[in-house]
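In what follows, a single structure is set out as structure tokens and then discussed.
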Amino acid sequence: MEQSLAARIAANPDYQRLKTTRSTFGWLLTFAMLIVYYGFIILIAFKKDVLAAKIGSGVMTWGIPIGFGVIVFTILITAIYVRRANSEFDALSEKIKAEVLK
Amino acid sequence: MIRVRSLLSHAAGVATLALLSAPALAAGGDLGTAEKQATNWTAIVMFALFVVLTLFITKWAAAKTKSAADFYTAGGGITGFQNGLAIAGDYMSAASFLGISAAVMISGYDGLIYSIGFLVGWPILTFLMAERLRNLGKFTFADVAAFRFAQTPVRVFAASGTLVVVAFYLIAQMVGAGQLIKLLFGLDYWIAVVIVGVLMMVYVLFGGMTATTWVQIIKACLLLGGASFMAFMVMWRYGFSPEAMFAAAVEVKTKLASSIAGTTPEAAAAKGQAIMGPGTFIKDPISAISFGMALMFGTAGLPHILMRFFTVPSAKEARKSVMWATGWIGYFYLLTFIIGFGAITFVLTNPEFLDAKGTLIGGNNMAAVHLARAVGGNVFLGFISAVAFATILAVVAGLTLSGASAVSHDLYSTVLKGGKADSASELKVSRITTICLGIIAVLLGIAFEKQNIAFMVSLAFAVAASANFPVLFMSVLWKDCTTRGAVIGGFLGLASSVLLTILSPSVWEATLGYPVGSAPFPYTSPALFSMTLGFAGIWLFSILDKSPRASIDRAGFPAQEVRSETGIGASEASAH
């Protein structure tokens, strides 16, 4: 890519908006994932009995829904990012391309 | 009954005889051998069908594989959905299918903790890397890592990182394949390893990425289908009530515990209930966090996985692929959890599957295989055995392709020929490398037959997290990163992760045979330390770098950033 084109894109306000919004969103979700996973690991390392505690009178423990919850959360958070990126961010990206490449 | 005995007789030996019913005994030793062949044929015929189908696909793919780009990325024409399945097929190894269901059968909840670690890297890869990789790269992750840097040193580093990860991952798969096939098909270990080596060479050599992708897609569908059926049958038995399934499993474990002399009913009940919560898997917090880091960030540094992002035409499709992959892999781990509990209630209670000492015939890793017979009879047992074999083939083909690309694209074409190699000679080098890697993999697979290789996959993840991931991450996201910083930091991460693994109990004590407790590095995984060292090295040697090259590296960041964010200028990467 020519440097001038890169500089033109970098100066485009829509590009600035895309970069900031997407990177903030990406990092936010990254931290959410780190907190959920390492929260789970720290719970196992220090508070095993919380996960081993029974929910009701049966054998079911809190650990099962929490563990399954981490798996479902992982899939959902990925879906949330991809949904927003494939609609909002890509539309913005196309707009920038149309503006600078015309 | 006769069939189970015959299938596994060579592995289980005479001990099984004690458990056999009258007809089996009446059949006698000679008939046992004949029956062994009869049962093997079910699995072998199904596996042969898979091989014939994949060879036809390879033939079709070979006609399409004309340039280096076709070989590395299938011409960039794979859709997001297809690539998602292929990534899942690349990632779900036989070890995770058989190993995790066995871990759940033995210790219940701990198996779930283990499998979650293999899933949580995917969102990180999605949020921070996937689309940037697609926008910057062409064939290998070194294209991205070396985008604005001096090509030779960064490519040499990236190729080293790739080959180390591929080597350990490949040995683990080969040894696993040999052991498994010996058990399932009754073939000799070395024959099994040679079959895997030859087939993987044929797929990659002739069909390149196109054939590898389709082998992975077919395998993913077979594995997900088979595992879904098993989980469905287990849940069906308990009226789709998780509580009923867990209660039955706890009862089985309680009974097993109370059969040990001197166990009080209270202690036995506690032991039974223990499978419903975390046990001994996490020994100390440092090991837990370190291992978690290796799995989480290692996923984003596995060369054969990263390479798959170059097979799709756009960043949008790259995101779709990782979405599908995460969904399928997460679903698969939920299934293995149910399969593991199913193994407790269906397999551990059935003397047909146990030897005289009450342990599983063929070892604990046979949990899912025995369950397959318990819920679906001999035909389904053959199907699952064939799927396990196919699973290994799909993973090793992806690894070989990735190793061959590192040698031909990064070392030969870019370093040796200064980027001026033509597509035909690059393709030729890839194919020669594929043959070499195939031969090396077979030889190492045979050499490591009797070794304890449990550490190898976690070492591959640790290296990926400590060397490949930091370099990729910093080169793409940190403007002040320089060639010198990336190369020194990357090699520090690589060397320290390998060294600390050797000094850890899983190699020092389990493989090298030093006494228990003597390992100089006490933790399960080195990632917490080696990954930190990798990042710190990149940072320190970059900020200290005042060379002329460093100014070029830093000056190249704005243009790289624009392309990584928008994909403008990346179109030629897919329009081969």
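The values are calculated or read from the model by the stated rules, or taken from the named source; none is laboratory data. As the structure is a prediction and not an experimental result, all values here were calculated from the model. Because the Cβ atoms are built from the backbone with ideal geometry, glycine has one as well, and the counts that use them run over all protein chains shown. With ligands, DNA and RNA removed, areas are computed over all heavy atoms of the protein, side chains included. Shrake-Rupley method; radii C 1.70, N 1.55, O 1.52, S 1.80 Å.
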From the list B:Thr532, B:Thr483, which residue is modelled with pLDDT of 95 or more, more than 21 Å from the chain's Cα centre (by Cα), within 17 Å of B:Met293 (Cβ to Cβ) and of a type in the set (Ser, Thr, Tyr)? B:Thr532
Pair list, Cβ under 7 Å, 6 or more apart: segment A:56-84 residue polar (S, T, N, Q), other residue open to solvent by 60 Å² or more (accessible area, probe 1.4 Å): A:Thr61/A:Lys54; A:Thr61/A:Ile55
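So is B:Ala315 in contact with a Leu (Cβ under 8 Å, 6 or more places away or on another chain) and of a type in the set (Gly, Ala, Ser) or not?
No, not satisfied.
Answer with yes or no whether B:Ser496 is under 22 Å from B:Lys283 (Cα atoms) and crowded, with 19+ Cβ neighbours inside 10 Å.
The answer is no for B:Ser496.
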Here are B:Val407, B:Val415: which of them is part of a helix (DSSP H, G or I), touching a residue at least 24 places away in the same chain (Cβ under 8 Å), over 27 Å from the mean Cα position of the chain (by Cα) and under 30 Å from B:Ala150 (Cβ atoms)? B:Val415
Note on segment B:365-404: residues without any contact (Cβ under 8 Å) to a residue 60 or more places away in the chain and either among the basic types (Lys, Arg) or at positive phi (or both) are B:Gly377
Failed criterion for B:Ala63 (all others in (1) free of Cβ contacts under 8 Å to residues at least 12 places away in the same chain; (2) farther than 30 Å from B:Leu199 by Cα; (3) of a type outside the set (D, E, K, R) hold): (2)
Neighbours by Cβ (under 8 Å, 6+ apart or cross-chain): first from segment B:500-515, of a type in the set (Gly, Ala, Ser); second not in a loop (DSSP other than H, G, I, E, B): B:Ser504/B:Phe455; B:Ser506/B:Phe455; B:Ser506/B:Ser458; B:Ala510/B:Phe455
What are the residues in segment B:348-359 that are closer than 12 Å to B:Leu256 by Cβ and either under 30 Å from the mean Cα position of the chain (by Cα) or of a type in the set (S, T, N, Q) (or both), if any? B:Leu348, B:Thr349, B:Leu354, B:Thr359
Does at least one position in segment B:278-300 carry a residue that is assigned to a helix (DSSP H, G or I) and farther than 29 Å from A:Tyr38 by Cβ? no
Taking segment B:452-466 and keeping residues at pLDDT below 95, assigned to a helix (DSSP H, G or I) and β-branched (Val, Ile, Thr) leaves B:Val457
Considering only segment A:20-54, state which residues are farther than 30 Å from B:Ala270 by Cα, of a type outside the set (Val, Ile, Thr) and either facing chain B (nearest Cβ under 8 Å) or open to solvent by less than 50 Å² (accessible area, probe 1.4 Å) (or both). A:Arg22, A:Ser23, A:Phe25, A:Gly26, A:Trp27, A:Leu29, A:Ala32, A:Met33, A:Leu34
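So which residues in segment B:421-451 are assigned to a loop (DSSP other than H, G, I, E, B), in contact with a helix residue (DSSP H, G or I) (Cβ under 8 Å, 6 or more places away or on another chain) and surrounded by fewer than 15 Cβ atoms within 10 Å (Cβ to Cβ)?
B:Gln451
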Exactly one of (1) over 19 Å from the mean Cα position of the chain (by Cα); (2) closer than 30 Å to B:Gly178 by Cβ; (3) of a type outside the set (Val, Ile, Thr) is unmet by B:Pro470. Its number? (2)
Within segment B:266-325, the count of residues that are surrounded by fewer than 19 Cβ atoms within 10 Å (Cβ to Cβ), free of Cβ contacts under 8 Å to residues at least 24 places away in the same chain and more than 8 Å from every other protein chain (Cβ to nearest Cβ) comes to 6
What do you reckon, is B:Arg554 touching a residue at least 60 places away in the same chain (Cβ under 8 Å) and either within 30 Å of A:Ala98 (Cα to Cα) or in contact with a strand residue (DSSP E or B) (Cβ under 6 Å, 6 or more places away or on another chain) (or both)? yes
Residue in segment B:193-210 that is free of Cβ contacts under 8 Å to residues at least 12 places away in the same chain and assigned to a helix (DSSP H, G or I) present: no
B:Trp328 is checked against (1) at the interface with another protein chain (Cβ under 10 Å from one of its Cβ atoms); (2) surrounded by fewer than 24 Cβ atoms within 10 Å (Cβ to Cβ); (3) over 16 Å from the mean Cα position of the chain (by Cα) and fails just one. What number does that condition carry? (3)
All positions within segment A:55-80 that are facing chain B (nearest Cβ under 8 Å) and in contact with a Ser or Thr (Cβ under 7 Å, 6 or more places away or on another chain): A:Thr74, A:Ile75, A:Thr78
Restricting the search to segment B:178-221, which residues are open to solvent by 30 Å² or more (accessible area, probe 1.4 Å) and closer than 27 Å to B:Thr326 by Cα? B:Trp214, B:Ile218, B:Cys221
Scan segment B:123-138 and give yes if some residue there is away from every other protein chain (no Cβ under 14 Å) and under 20 Å from the mean Cα position of the chain (by Cα), otherwise no. no
Scan B:Phe229, B:Phe206, B:Phe291 and give me the residue that is over 28 Å from B:Leu55 (Cα atoms) and among the aromatic types (Phe, Trp, Tyr). B:Phe291
Can you tell me which condition A:Ala7 does not meet? The list is (1) over 30 Å from B:Gly272 (Cβ atoms); (2) within 7 Å of chain B (Cβ to nearest Cβ); (3) of a type in the set (A, V, I, L, M, F, W, C), and all the others hold. (2)
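Looking at segment B:331-347 only, could you name the residues that are within 14 Å of chain A (Cβ to nearest Cβ), within 23 Å of the chain's Cα centre (by Cα) and of a type in the set (A, V, I, L, M, F, W, C)?
B:Phe332, B:Leu334, B:Leu335, B:Phe337, B:Ile338, B:Phe341
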Checked against (1) surrounded by fewer than 24 Cβ atoms within 10 Å (Cβ to Cβ); (2) at pLDDT 95 or above; (3) aromatic (Phe, Trp, Tyr), B:Phe469 satisfies every condition except (1)
